[in-house]
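The block underneath contains the structure these notes are about, expressed in structure tokens.
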Amino acid sequence: MAMVAESGWESLTMASLGARAGVSRQSVYNEVGTKADLAEALVAQELATFLAAVAEELAGAADLGSGVRAATLRVYSMAEDNPLLREIVSTAHGAGQGLLPLLTTQAQPLIGAAAAAVAHGIESDFPLPVHARARLGEASDTVVRLVLSNIMQPGGSPEEMADSAAWVAVRLLG
């Protein structure tokens, strides 16, 4: 992650990663796989960090709206400081393609995992009407896509975007 933050994804090579780690390029390939495999592993690692924060915020909230708002606001705050996301967003604005597909055209595994984690957190922490439980997966998917969209192309201040995500979640599930 430090190398991505320092010089960008496009300039990262398995040889430079190996040199930094004090091993051969072949050792990096043997341990990590391809550069695409490394990208997926980095995104999965970051996703786990984000989802732990979401679970923490949902668990500490008094109600669904405040929980989604707090979780979303924390995600936006974390995203601003995240070197991997900064690198991905910079590619969205013309600096290459390397990591961008992992949050756009190839994002379904990430969205699916995030939506499942959000649904689990909501179901665990908040009482839901029967009709909402039946649509929890779809509602969580919608909120995750809204948040991801706002990370890639902010639609207002973090507070405004968090308010919108909470409003959507409450309308879909309340």
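Taken together, the residues in segment 126-166 that are surrounded by 14 or more Cβ atoms within 10 Å (Cβ to Cβ), in contact (Cβ under 8 Å) with a residue 12 or more places away in the chain and either of a type in the set (Phe, Trp, Tyr) or part of a helix (DSSP H, G or I) (or both) amount to 24.
Of the listed requirements (1) over 23 Å from Val118 (Cβ atoms); (2) surrounded by 13 or more Cβ atoms within 10 Å (Cβ to Cβ), Tyr76 misses just one: (1). Pairs linking a residue in segment 42-70 that is buried (at least 16 other Cβ atoms within 10 Å of the Cβ) to a residue that is modelled with pLDDT of 95 or more and among the acidic types (Asp, Glu), with Cβ atoms under 8 Å and 6 or more positions apart or on different chains, are Gly67/Glu57; Arg69/Asp163; Ala70/Glu57.
What tally of residues in segment 111-124 results from selecting those that are crowded, with 18+ Cβ neighbours inside 10 Å and in contact with a helix residue (DSSP H, G or I) (Cβ under 6 Å, 6 or more places away or on another chain)? Walk me through how you get there before you give the answer.
Of the residues in segment 111-124, the ones crowded, with 18+ Cβ neighbours inside 10 Å are 114-115, 117-119, 121-122.
Cutting the leftovers down to in contact with a helix residue (DSSP H, G or I) (Cβ under 6 Å, 6 or more places away or on another chain) gives us 114-115, 117-119, 121.
Total satisfying the criteria: 6.
Take the conditions (1) touching a Leu at 6+ places or on another chain (Cβ under 7 Å); (2) at pLDDT below 65; Leu100 misses just one of them, which is (1).
The values are calculated or read from the model by the stated rules, or taken from the named source; none is laboratory data. Every value quoted in this text rests on a predicted model; they were computed, and no experiment measured them. All Cβ positions, even for glycine, are placed from backbone atoms using ideal geometry, and neighbour counts span all protein chains on display.
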